[in-house]
Amino acid sequence: MSQRIRIATTSLAGCFGCHMSFLDIDERLIELSEKIEFDRTPLTDIKTLGHCDIGLIEGGMGNTENYELLREFREKCDILVSMGACAINGGIPAMRNSFTLKECLETAYVEGVGVTDPQIPGDPEIPLPLNKIHPLHEVVKIDYFLPGCPPPAEMFWTFLNQLLNGQPIEFTYSQIHYD
Amino acid sequence: MNAGYLGLPTVVNNVESFVAAAMIMEQGADWFLSRGTETSTGTKLLSISGDCAKPGVYEYPFGTSIRKILEDCGADDPQMVQVAGAAGTMIGETDFDRCISFDDVATGGSFMIFDRSRDLPEIIGNFIAFFVHESCGFCTPCRVGTSLLQKRFDKLLSGRASRLDLEKMQQIGTLMKVTSHCGLGATAPNALLDSLKNFPSMYEDRLASTQFEPAFILEDALQEARTLADSGAKS
Amino acid sequence: MNLKAAARLGGRIGHFSIDGVRLPFREGQTIMAAAMEAGVYIPHLCYNPEFTPHGSCRLCVVRSNGRHLAACTTPAAEGLEVESHTDELQEQRRELLQMLFVEGNHVCPACEKSGACQLQAVAYYCGMLAPELTYFYPQRTVDASHPDIAIDYNRCILCELCVRASREADGKNVFSIADRGIHAHLQINSSTGKLRDSDLEVTDKAAHVCPTGAILPRNLGYNIPIGKRPYDQKPISLAGDVADHEESS
């Protein structure tokens, strides 16, 4: 058997919905596992990133940790894929772009319902938020985009099979949606 | 404009045309045809400005080379000539033998000279900013394209661009050229597109890398958070 | 005589072609009007056959005699050969769509128009996977002052269909475009600038022609569930424009 394709995945400012949708390829995961193996991913709980053939990233880019991780994925993955609405245009997290960071943090940590000891966190351990959420392609070069909130399971299946077989990536009408 | 004076077809000419018409009446058509080239007859008034000893309004027969004009007005060290205004044609040294005519370098008369002391990217940035301001906002490619070009060009000017940004600007400019509603949008990217073609090394020198460069500066994007975290830690 | 008048009068019949397919047209008809009548789809956003063509979105860009033209404002002519569904034009349409997506704040997962939105539908049809440009993330507002109609300016693409519908069909003048260039924006012609203080009514045509989720009649957002909406089922070339569905809803 030839060497299996190594895949890493992560979620930045995302909800893991893209990951859940990926799992919705159901029993075909077994078939897929003959061709691929996972590196860093929440699916296996592997925490360190090695050299990979494909990196799949969901979520917008909103803080320093996101930024570093995204750059690391770009460095270590031959093919980098922006998956889901948040990765592609900031999505729901980017709705905070209509407000200043001060307004957002005060709403959450000062004025929020049930907040005790109200203050904006300043611990150096906590990643700093950027003043805006950005799509991934504004930070690193992205090779493929999988739209959707989340991208449907069929889109993942189509994409990985076409990529693994060296075919051009083509989606059917029902696989492309932005919601 | 959908109708002319009193709702009738109306010709509006500029002073230069009236002068030409009057001269033709006085001297005859043959006299007029004896100047210029076969397809661009007569003469052209050029408003010469910029880096030359003798700026002013010059009259030349069509078919005169840019090099001749530059010599006449005392442009000692020309780097580039912008012919026909911000939406016109950008001529570099290798094209100074091209001629003013309808078939070659067409012009309404504007002739701006920039010598070697000038920073061309900065000048092109000015042209791009001019069209961001001039776009009326009616059609998509001009309204959005002018601002997209400005963002990318500012990135280039601040030394944060990669070759991919040059390719993207080329793509956006080309789209504006063919899909804009009017001539303004179609010619707004001219200075950029001409310079990408005629002065490629100038752009290469400015690139941060050949690979990808981020669209924004991380440190700037963290300013707000740092201020908030500092004041939070103090309180 | 203007195009609309000629088309109304019937006019002489001629023939032209789109992508090699021969189509009839009545004298004075635009390429778009003739194509639509013949059931040939050319992508568009600011065009609606009921109103004066605008030619601003540029999505209907076609090619003829080596020139790019807007199909919605260019008259059809005898023997004219038009290209529309070529790789080059579809690519250019995707680029125009990307511009519209990054210019505003189009958060499809959070929009009640999703699945019935023409901006989305045309982008699906043209095969746009992502807007690969730098986002503007403009600061825009929502006007929920009117009891029956809401405006979310984040989603406005400046097609001016509401402007035209209000003037041409409703005999009112509720909307206009203010400012220029990238700052151009839709505004309400009322003393406060609020929709509540305008004379817009939910029965007005202008409340039902928006191709995106910018102008929405209230209280019926999720009558048709996500997944069962026109463009969830079929591409826009088969399902028709948003305004057609508004009519029947």
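The numbers here are math on the coordinates, done by the rules we state, and not lab data. None of these values were measured; they are calculated from a predicted model. A quick note on method: Cβ atoms are made from the backbone with ideal geometry, for glycine too, and the neighbour counts reach across all protein chains shown.
With a simple spin-label model that places each label point 7 Å from the Cα along the Cα-to-Cβ direction, the separation between B:Asp154 and A:Ile5 comes to 4.0 nm.
Can you compute the FRET efficiency between B:Thr174 and B:Glu16 using 1/(1 + (r/R0)^6), with r the Cβ-Cβ distance and R0 = 35 Å? Round to the nearest 0.05. Approximately 0.60, to the nearest 0.05. Each label was represented as a point 7 Å from its Cα along the Cα-to-Cβ direction; for A:Lys47 and C:Arg140 these points are 4.4 nm apart. Spin-label model, B:Asp72 to C:Tyr222: label points 7 Å out along the Cα-to-beta-carbon direction sit 7.5 nm apart. Cα-based values for the protein assembly as shown, radius of gyration first and Dmax second, are 28.4, 94 Å. Helix A:64-76 and the longest principal axis of the Cα set of chain A meet at an angle near 20°. The C-alpha atoms of chain B occupy a region whose extents along the principal axes are 87, 50, 31 Å, arranged from largest to smallest. Taking Cα atoms, how many degrees apart are the long axis of helix C:87-103 and the longest axis of chain C, rounded to 10 and kept between 0 and 90? Compared with the principal axis, the helix lies near 20 degrees. Among beta bridges from DSSP that stay inside the protein assembly as shown, the antiparallel ones total about 65%.
Debye-formula intensities of chain C, expressed as log10 I(q)/I(0) at q = 0.07, 0.12, 0.14, 0.16 Å⁻¹, are -0.24, -0.72, -0.97, -1.24 (one equal scatterer per alpha-carbon, no solvent). Against chain B, whose longest principal axis comes from its Cα atoms, helix B:163-179 is set at around 50 degrees.
Less than 26 Å apart at the alpha-carbon level, and either on another chain or at least 8 residues along: which lysines does that give for A:Lys102? The qualifying lysines are A:Lys132, B:Lys151, B:Lys234. Of the residues A:His137, B:Tyr58, C:Ser64, the one whose Cα sits farthest toward the positive end of the charge dipole of the protein assembly as shown, with +1 on the Cβ of Lys and Arg and -1 on the Cβ of Asp and Glu, is C:Ser64. Of C:Cys108, C:Cys126, C:Cys117, the residue with the greatest mean-square motion in the GNM of chain C, using alpha carbon springs below 10 Å, is C:Cys108. Once C-alpha pairs closer than 8 Å and six or more residues apart are averaged by separation and normalised to the residue number of chain B, the relative contact order reads 15 percent.
Histogrammed with a bin width of 10 Å, the alpha carbon distances of segment B:15-115 distribute as 16, 49, 27, 8, 0 percent, first bin at zero. For a straight C-alpha distance cut-off of 13 angstrom, the aspartates and glutamates reachable from B:Lys68 (same-chain residues fewer than eight places away being disregarded) are B:Glu59, B:Asp76, B:Glu93, B:Asp95, B:Asp97. Per-residue ellipticity at 222 nm, computed for chain C from helices alone with -39500 (n - 2.57) per DSSP H run of at least four residues, works out to -6500 deg cm²/dmol.
Percent of C-alpha pairs per 5 Å bin in segment C:128-168, short distances first: 5, 16, 16, 24, 18, 10, 8, 3. Convex hull of alpha carbon positions in segment C:90-222: directionally averaged projected area 8.4 nm². Rounded to the nearest 20 debye, the dipole magnitude of chain C is 160 debye, with +1 charges on Lys and Arg beta carbons, -1 on Asp and Glu beta carbons, and the Cα centre as origin. Averaging the Cα positions of each part gives two centres, and for segment C:219-249 and segment B:184-204 these lie 44 Å apart. Using 0.36 nm per residue and subtracting the Cα-Cα separation, the extra length available between A:Phe99 and A:Phe16 on full extension is 27.4 nm. Across the options A:Met155, C:Asn173, B:Gly85, the greatest Cα extent toward the positive end of the charge dipole of the protein assembly as shown (unit charges at beta carbon of Lys, Arg, Asp, Glu) belongs to C:Asn173. Sequence-distant or interchain residues sharing an amide H contact under 5 Å with B:Ser110, placed H: which? The list, which skips near neighbours in sequence, is B:Ser47, B:Ala84, B:Gly85. Which far-off residues, 5 or more places away or on another chain, put their amide H under 5 Å from the one on A:Cys52, with H placed in the peptide plane? It is A:Cys77, A:Asp78, by chain and number.
Residues within the reach of a label modelled at B:Gln223 (point 7 angstrom out along Cα to beta-carbon, backbone nitrogen below 16 Å), restricted to segment B:145-182, are B:155, B:158. Residue by residue, segment A:45-58 carries 3J(HN,Hα) couplings of 6, 6, 9, 10, 9, x, 5, 10, 7, 10, x, 10, 10, 10 Hz when phi is fed to the Karplus relation 6.51 cos²θ - 1.76 cosθ + 1.60 (θ = phi - 60°); x denotes Gly or Pro.
Kirkwood Rh, Cα Rg: Rg to Rh for segment B:76-176? Rg/Rh: 0.99. Rounded to the nearest 20, the Cβ-based charge dipole of the protein assembly as shown about its Cα centre (Lys and Arg +1, Asp and Glu -1) stands at 960 debye. Here is the short version for chain B: B:Cys99, B:Cys136, B:Cys139, B:Cys142, B:Cys182 have no other Cys C-beta closer than 4.7 Å.
Taking the Cα centre of segment B:15-115 as origin and assigning +1 to Lys and Arg Cβ atoms and -1 to Asp and Glu Cβ atoms, the resulting dipole is close to 220 debye.
The distance linking segment C:151-201 with segment C:113-127 is 22 Å (Cα centroid to Cα centroid, whole angstrom). Farthest towards the positive end of the charge dipole of segment C:98-196, among the residues C:Ile188, C:Gly104, C:Leu119, is the Cα of C:Ile188, using unit charges on the Cβ of Lys, Arg, Asp and Glu.
Quick check on my link table: of A:Lys141/B:Lys197; C:Lys113/C:Lys194; B:Lys44/B:Lys197; A:Lys35/B:Lys168, which ones sit more than 31 Å apart, alpha carbon to alpha carbon? Don't skip to the answer; put the middle values down first.
On the way: A:Lys141/B:Lys197 25 Å; C:Lys113/C:Lys194 22 Å; B:Lys44/B:Lys197 27 Å; A:Lys35/B:Lys168 36 Å.
Cα-Cα > 31 Å for A:Lys35/B:Lys168; rest within.
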